[in-house]
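The values are calculated or read from the model by the stated rules, or taken from the named source; none is laboratory data. Just so we're clear, the structure is a prediction, and the values are computed from it rather than from any experiment. Here the Cβ positions follow ideal geometry from the backbone for every residue, glycine too, while neighbour counts run over all protein chains shown.
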């Protein structure tokens, strides 16, 4: 288990990289999982440097840190670490991907409408309704 300071720094970095508040990221329940994946995939030295160095959106970060920050951002938005081959974290990570939240959507096939939802019209013409012709 990582020390609390490491997780706090990873959460703060993730918020800066994604543009989402730390509380929103924590609400996914994936912060620790993503921290572990980032640390493993980046390697101890690059991971520690990414957490240590200040990150500025104006491009002040050097090329190596930008290259390390990109997959962390990708992980938060898609729920997978870019490959080859990509590492798909879990179905939950897919459902919690920030791409869906940024678009104001639920991830496809993750939020069923509940029993009977297939029978609701949802603003469409009534089921079994007929189209009236004006030439009759």
Helices (runs of 4 or more DSSP H) lying entirely in region 31-92 (those with 3 or more residues that are under 13 Å from the mean Cα position of the chain (by Cα) and at pLDDT 95 or above): 31-42, 63-78
Scan of region 13-30 for residues that are at negative phi, modelled with pLDDT of 95 or more and either surrounded by fewer than 18 Cβ atoms within 10 Å (Cβ to Cβ) or not in a helix (DSSP H, G or I) (or both), ordered by number: 15, 20, 21, 22, 23, 24, 26, 27, 28, 30
Some residue of region 109-126 being part of a helix (DSSP H, G or I), modelled with pLDDT of 90 or more and farther than 19 Å from residue 20 by Cβ: no
